[in-house]
Amino acid sequence: MVQPPPEPRPPAPVTADAPGNIARPLLTQSWLDLTFVHWAADPADVAGLLPPGTVPDTLDGVTYVGLVAFRMHRVGWFGLPGVPYLGSFPETNVRLYSVDARGRRGVVFRSLDASRLIPVVVGRLAFRMPYLWSRMEIRTHGDTVTYTSSRRWPGPRGAHSRLTVRVGERIEEATEAEHFLTARWGMHNAFLGRPVFLPNAHPRWPLHRATLVACDEDLVTAAGLPRPVGEPVSVLYSPGVPVRFGRPARPAGIPTP
């Protein structure tokens, strides 16, 4: 007799702190100089872009599209010291918000532009992650940070982003929406047709509200999503956090925020 599938669990609570410690990490890395830009989205517009076994994660009936630019720093495997060159590079990702039948909230990456070719190739071929090789730069001048990206391979060639933000005061008490957009304790992906959840843990985000000074990008539409309409609903900055990743049920890629 075939057993029916278990009933889906409700989504786990949104928490500012990681739900558990990862004592023996599969991966370590730091995410530095991050800017989070988010637009509201209709869950129906993104549901078909998520891996099997997941649905859009929502807050008050709304989900989000995130454009996150940052500096990856010293990716390391199995507790070994992080690699200074190949493991350190600028990155900009387009991400969606997901929840699975076990109630685990996570992110789904639609694209990950990075400036190091070898990590891009390894991520694409070995782990089926949507990494793309791009020319990238991060420049800081006073309280402003500018992130530039222009895609090289595999395409669409020339897909680009240029973000400039002015960093404001640190947030003492983040809102529920700000925690929902940043405190994500795992990544959903599909590997060889099977769903994967890769958990992570890091200290609570030190967040600053930020002003979007300039935004010229087409990475969102290049990732297969509708063009964002109107101004972003949230712009945040963080100086960064060290991150630890646990072991998934099946292999996954080099995760990012």
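Each reported figure results from applying straightforward, stated rules to the coordinates on display, with no laboratory input. Owing to the predicted nature of the structure, the values given are computational and were not obtained by experimental measurement. Cβ placement follows ideal geometry from the backbone for every residue including glycine, while neighbour counts extend to all protein chains displayed.
Look at the dipole of the chain built from charges on Cβ: of ALA69, PRO13, ALA40, the Cα furthest out on the positive end belongs to ALA69. Each part gets one Cα centre, and for region 168-187 versus region 28-67 those centres are 14 Å apart.
Evaluated with a Cβ-only charge set (Lys, Arg +1; Asp, Glu -1), the chain carries a dipole of roughly 1180 debye about its Cα centre, given to the nearest 20. Each peptide among 234-242, 180-188 gets the average number of other Cβ atoms lying within 10 Å of its residues, and from highest to lowest they stand as 180-188, 234-242.
Let me check I have the definition right: for region 27-245, take the eigenvalues of the Cα gyration tensor, multiply each by 5, take square roots. What are those semi-axes in whole Å, largest first? Mind showing how you got there, number by number?
Values: eigenvalues 98, 94, 72 Å².
Its equivalent ellipsoid spans semi-axes of 22, 22, 19 Å.
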